[in-house]
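One structure is given below, encoded as structure tokens.
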Amino acid sequence: MRKDEVRLNCGITIPVIGLGTYSSHNDRVTTEKAVHSALKMGYRHFDTAKIYGSEGAVGNALRMAIEDQIIPREDVFLTSKLWSGDHHDPVSALKRTLRNLGMEYIDMYLVHWPIKLKPWACNAVPKEEDFEKQLDMETTWEGMQKCLDLGLCRCIGVSNFSTKKIEHLLDFASVPPAVNQVEMHPMWRQRKLREICGKHDIHVSGYSPLGGPGNAWGSTAVVKNPLINSIALKYKATPAQVALKWGLTRGASVIVKSFNPDRLRENMGSLDLKLDDEDLIEIEQLEERKIMRGDFLVNNTTSPYKTLEELWDYEI
């Protein structure tokens, strides 16, 4: 196993730095170019989702690279996600995703959110009439396990699941989730969630590892934090590299989102950075800015969930 991979409870390995492909602009050409550039720089983990609208572009770029023998399919780790309007039929949803990607299988299939929307709901920020109040997670997980049994994916997992949601899932899951992908960065460290996931051998993967600057729900608070900047200066690194390395030292993988070639290269440079114990202790003492994306969903939708606890039972 390479130093830039970790082994999951399902037996396969996952590269610790992945390229997220959500874009509000949903520009197919730009996304394909970014994937091609990332492959040349050593990226092997690519993260997409139905709701991102990027499955087609990501799949096309990867297929071209595979057909041109730039990289074999087995060296690519490809993740997609079950949208909240598809909980009633994960198998059909994944088959549609595979058609979009032009792939026979994906490596990881995640339940995107622990909420249920009506089947026609297709907005990343749902409307009130899109929500279903009850989610039968046991039925959803049976469908996820069927995806695994059919060979449509190599591993299954979840995203945005709290400690309560994880423990509830483990009460009935025949196959435990291999991954829980959540927002995680130096100012939202997910300590309790990481402890619970670690106890059950569930790998934590962090999205928005830089705090999501540029996203509607994001902030520059991480990359502009004085402590993060002082540590970066100490090592002649960048604040982004320090933030990413913090996540990696916590045993997580990180999903970075930038289509800029310089940023892509910079983010990969975090693998070579070493933080000392004092750096890590200081970062652990930072004041947390919690659940930036969750705050956005609660405050900017007319959903029936009026608090974060109602939305997905996060324990703050």
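The values are calculated or read from the model by the stated rules, or taken from the named source; none is laboratory data. Values in this document were obtained by computation on a predicted structure and should not be read as measured data. All Cβ positions, glycine included, derive from the backbone under ideal geometry; neighbour counts span all protein chains shown. Side chains are part of the model used for accessible areas, which takes the heavy atoms of the whole protein and leaves out ligands, DNA and RNA. Shrake-Rupley method; radii C 1.70, N 1.55, O 1.52, S 1.80 Å.
Of all the numbered requirements in (1) in contact with a Cys (Cβ under 6 Å, 6 or more places away or on another chain); (2) without any contact (Cβ under 8 Å) to a residue 60 or more places away in the chain, Arg99 misses one, and that requirement is (1).
Residues of the range 300-308 include none that is at pLDDT 90 or above, out of contact with any Ser or Thr (no Cβ under 7 Å at 6 or more places or on another chain) and open to solvent by 70 Å² or more (accessible area, probe 1.4 Å). When Ala57, Ala49 are screened for being out of contact with any strand residue (DSSP E or B) (no Cβ under 9 Å at 6 or more places or on another chain), open to solvent by less than 40 Å² (accessible area, probe 1.4 Å) and touching a residue at least 24 places away in the same chain (Cβ under 8 Å), only Ala57 passes.
Need at least 3 residues that are farther than 28 Å from Val29 by Cα and under 19 Å from the mean Cα position of the chain (by Cα) per element, so show me which helices (runs of 4 or more DSSP H) inside the range 188-291 make the cut, counting only ones lying wholly within it. First the steps, then the outcome.
On the way: elements: 191-199, 226-235, 239-249, 261-268, 277-284.
Correct list: 191-199, 239-249.
Within the range 1-48, restricting attention to residues that are among the aliphatic types (A, V, I, L, M) and in contact with a Ser or Thr (Cβ under 9 Å, 6 or more places away or on another chain), the residue that is nearest to Leu110 (Cα to Cα) is Ile14. Test Met144 against the stated conditions and say whether it is among the aliphatic types (A, V, I, L, M) and in contact with a Phe, Trp or Tyr (Cβ under 7 Å, 6 or more places away or on another chain). Yes, satisfied.
Out of everything in the range 143-166 that is open to solvent by 10 Å² or more (accessible area, probe 1.4 Å) and touching a strand residue (DSSP E or B) at 6+ places or on another chain (Cβ under 6 Å), what residue ends up being farthest from Asp86 (Cα to Cα)? Across the range 143-166, the extreme among qualifying residues is Arg154. Quick test of your reading of the structure: Ser174 fulfils all but one of (1) more than 21 Å from Val111 (Cα to Cα); (2) open to solvent by 60 Å² or more (accessible area, probe 1.4 Å). Name the failing condition by number. Checking Ser174 against (1) more than 21 Å from Val111 (Cα to Cα); (2) open to solvent by 60 Å² or more (accessible area, probe 1.4 Å), the one that fails is (1).
Are any of the residues in the range 103-114 closer than 22 Å to Ile255 by Cα and modelled with pLDDT under 95? The answer is no; no qualifying residue exists.
Looking only at residues in the range 126-167 that are assigned to a loop (DSSP other than H, G, I, E, B) and among the aliphatic types (A, V, I, L, M), the one that is farthest from Asp107 (Cα to Cα) is Leu135. Taking (1) of a type in the set (Asp, Glu); (2) touching a residue at least 12 places away in the same chain (Cβ under 8 Å); (3) open to solvent by 10 Å² or more (accessible area, probe 1.4 Å) in turn, Asp107 satisfies each apart from (3). Quick check on the range 70-82. Is at least one of its residues open to solvent by 60 Å² or more (accessible area, probe 1.4 Å) and not in a helix (DSSP H, G or I)? Yes, the conditions are met somewhere in the range 70-82. When restricted to residues that are open to solvent by 30 Å² or more (accessible area, probe 1.4 Å) and either β-branched (Val, Ile, Thr) or in contact (Cβ under 8 Å) with a residue 24 or more places away in the chain (or both), the range 197-208 contains 3. Looking only at the range 14-43, count how many residues are surrounded by 20 or more Cβ atoms within 10 Å (Cβ to Cβ) and in a loop (DSSP other than H, G, I, E, B). Selection size over the range 14-43: 3.
Just to be sure before I move on: is Asn9 part of a helix (DSSP H, G or I) and open to solvent by 10 Å² or more (accessible area, probe 1.4 Å) in the structure I sent? Please lay out each step first, then the result.
Values: part of a helix (DSSP H, G or I): no; open to solvent by 10 Å² or more (accessible area, probe 1.4 Å): yes.
Taking the combined requirement at face value, the residue does not satisfy it.
Within the bounds of the range 120-142, is there any residue that is over 20 Å from His203 (Cβ atoms), surrounded by fewer than 22 Cβ atoms within 10 Å (Cβ to Cβ), within 20 Å of the chain's Cα centre (by Cα) and free of Cβ contacts under 8 Å to residues at least 40 places away in the same chain? Taking every residue of the range 120-142 in turn, at least one turns out to be over 20 Å from His203 (Cβ atoms), surrounded by fewer than 22 Cβ atoms within 10 Å (Cβ to Cβ), within 20 Å of the chain's Cα centre (by Cα) and free of Cβ contacts under 8 Å to residues at least 40 places away in the same chain. Could you tell me whether any residue of the range 170-177 is farther than 27 Å from Leu244 by Cα, out of contact with any Asp or Glu (no Cβ under 6 Å at 6 or more places or on another chain) and not in a loop (DSSP other than H, G, I, E, B)? Yes: one or more hits.
For the range 209-254, the tally of residues that are among the β-branched types (Val, Ile, Thr) and open to solvent by 10 Å² or more (accessible area, probe 1.4 Å) stands at 4. Checking the conditions here, which among Gly53, Gly85, Gly18 is at pLDDT below 95 and within 20 Å of Asn160 (Cα to Cα)? Every option except Gly53 fails the conditions.
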